[in-house]
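What follows is a short report on a single structure.
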Amino acid sequence: MATTIERPRYFEGQVLSAADLEAGQTYARGRLARHNRYLHTWGIASGLGLREEKRKTPDGNREFIDVFLEPGVAIDGFGREVIVAEETAIDPQCDQWLGYFCCLYQLARLGNNDED
C-alpha cells in the first residue's frame, strides 16, 4: 500500500505551531531524500578522501599511522546527504567506524597503484 505524500500548506495570518514547522521540515527532508535516492546513485559526491599521517610513539620506538577523513559530501543508500564539514581523525578503537573506513582505506590504496 502506497503512502500519500502531502506537502504542508500555509496561509496568510495562520498561527503556526512547532508541529506545523516540523511537518514542513520533514516534507523538505523527505523530498530531497527521494530525489537523491531515485535520480542519483549513492556514493561520494565530493571529497571524503582519506589522508594518512605517519607518526611515532612519544618514546620513538614504534611507528603508526593516523588516518583522517577529509571534508566532503556523499549520498547514502537511503538518499540522505552525509556531510563532513571538517577533517576528522578516525579513531581506530571505534568499532562502528573501523570496518567501514578500513575498507575505504584499502580501496583508496588499491586505486593508487601508480604511487607504489
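Every read-out reported here was derived from the displayed coordinates using simple, explicitly stated rules and does not represent laboratory data. What you see is a predicted model; the values in this text were computed from it and never measured. Here Cβ is always computed from backbone atoms with ideal geometry, including for glycine, and neighbour counts include all displayed protein chains.
When the Cα centres of segment 75-90 and segment 1-43 are compared, how far apart do they sit, in Å?
The distance from the Cα centre of segment 75-90 to that of segment 1-43 comes to 21 Å.
With each pseudo-label sitting 7 Å past Cα toward Cβ, what's the THR88-VAL73 distance in nm, one decimal?
Once both label points are built, they end up 1.7 nm from each other.
Tell me which residues come under 5 Å, amide H to amide H, from VAL82 once H is placed; ignore anything under 5 positions away on its chain.
ALA74, ILE75, ASP76
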